[in-house]
Amino acid sequence: MESAASGTADGRGGSVASGAGDGASGRPVSAETRARGVAKVLIDEAAIRERIAALAAELDAFYGGATGDDAPLMVGVLTGAVTFMTDLMRAMTIPLAVDFMAVSSYGASTRSSGVVRILKDLNEEVEGRRILVVEDIVDSGLTLQYLLDVLRRRNPRDLRVVALLKKDKPDAVPVQVDRIGFAIPDEFVVGYGLDYAGLYRNLPYVAVLDPSAIEDA
């Protein structure tokens, strides 16, 4: 969904995330109709694949020889994280379980409303489990902060966060993010699972949306 950070988190609030790439691309946008309204490609497919492979290797090493009940429960935050989560879990080689939550703070706007709602809760039990939250983007930090608070109250054994993107946003709230794919400028981005008003999720890259395509609610 959305939320903030940058190295190794303390697991409670403020954090520093590990090894974020810069993701710079600037590749020209294709003439495909699905790309209409896109200003520029920010992170291309090759860079995404390479970074996901690195993140998967780090997570494999972190969780070590986890098996059975010790295997992490990967929690995808719908709907934006689905593409990232699918590629990440296929690149990981350890056993893991999968579940999803849906949390909303955007609607059709480009700005977080600050009001967070759980639209879909987990099917799996969290207590005593090793939880890995998979986020698409860390923006204001509000949504992720709320989600982590909900999960901590369910007494997981361990709670970690991996996010594909983290915006460079000075006013973002401090929030735990343990691993970040790419640090990006504070621009509205779409593609690779991220949307604007339900569109652009099927772009294979991360792109900046042209302001002329945005109609703020």
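So the values come out like this:
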| read-out | value |
| --- | --- |
| Residue within the stretch 58-79 that is part of a loop (DSSP other than H, G, I, E, B), buried (at least 21 other Cβ atoms within 10 Å of the Cβ) and either among the β-branched types (V, I, T) or modelled with pLDDT of 90 or more (or both) present | yes |
| Filter result for A53 (at pLDDT 95 or above and either among the acidic types (D, E) or farther than 29 Å from G198 by Cα (or both)) | no |
| Counted residues, the stretch 138-164 - those being assigned to a helix (DSSP H, G or I) and either basic (K, R) or over 19 Å from V189 (Cβ atoms) (or both) | 8 |
| Residues located in the stretch 116-137, provided they are assigned to a loop (DSSP other than H, G, I, E, B) and not charged (D, E, K, R) | V116, L122, N123, V126, G128 |
| Sole exception among (1) among the basic types (K, R); (2) without any contact (Cβ under 8 Å) to a residue 40 or more places away in the chain; (3) crowded, with 17+ Cβ neighbours inside 10 Å for R51, by number | (2) |
| Hits in the stretch 90-105 (condition: among the hydrophobic types (A, V, I, L, M, F, W, C) and crowded, with 19+ Cβ neighbours inside 10 Å) | M92, F100, M101, V103 |
| Which numbered condition K169 fails, given (1) crowded, with 24+ Cβ neighbours inside 10 Å; (2) basic (K, R); (3) at pLDDT below 95 | (1) |
| Residue in the stretch 133-146 that is farther than 21 Å from R49 by Cβ and at pLDDT 95 or above present | yes |
| Options L151, L147, L209: the member that is closer than 30 Å to R129 by Cα and surrounded by 21 or more Cβ atoms within 10 Å (Cβ to Cβ) | L147 |
| Residues that are of a type in the set (K, R) and either farther than 24 Å from G37 by Cβ or without any contact (Cβ under 8 Å) to a residue 40 or more places away in the chain (or both), drawn from the stretch 167-191 | R179 |
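Matching residues to (1) in a loop (DSSP other than H, G, I, E, B); (2) under 12 Å from the mean Cα position of the chain (by Cα):
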| residue | (1), (2) |
| --- | --- |
| K166 | no, yes |
| D171 | yes, no |
| V177 | yes, yes |
| A183 | no, yes |
| N202 | yes, no |
| S212 | no, no |
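The values are calculated or read from the model by the stated rules, or taken from the named source; none is laboratory data. What you are looking at is a predicted structure, and each value in this text was computed from that prediction instead of being measured. Methodologically, a virtual Cβ is constructed for each residue, glycine included, from the backbone with ideal geometry; neighbour enumeration extends over all protein chains shown.
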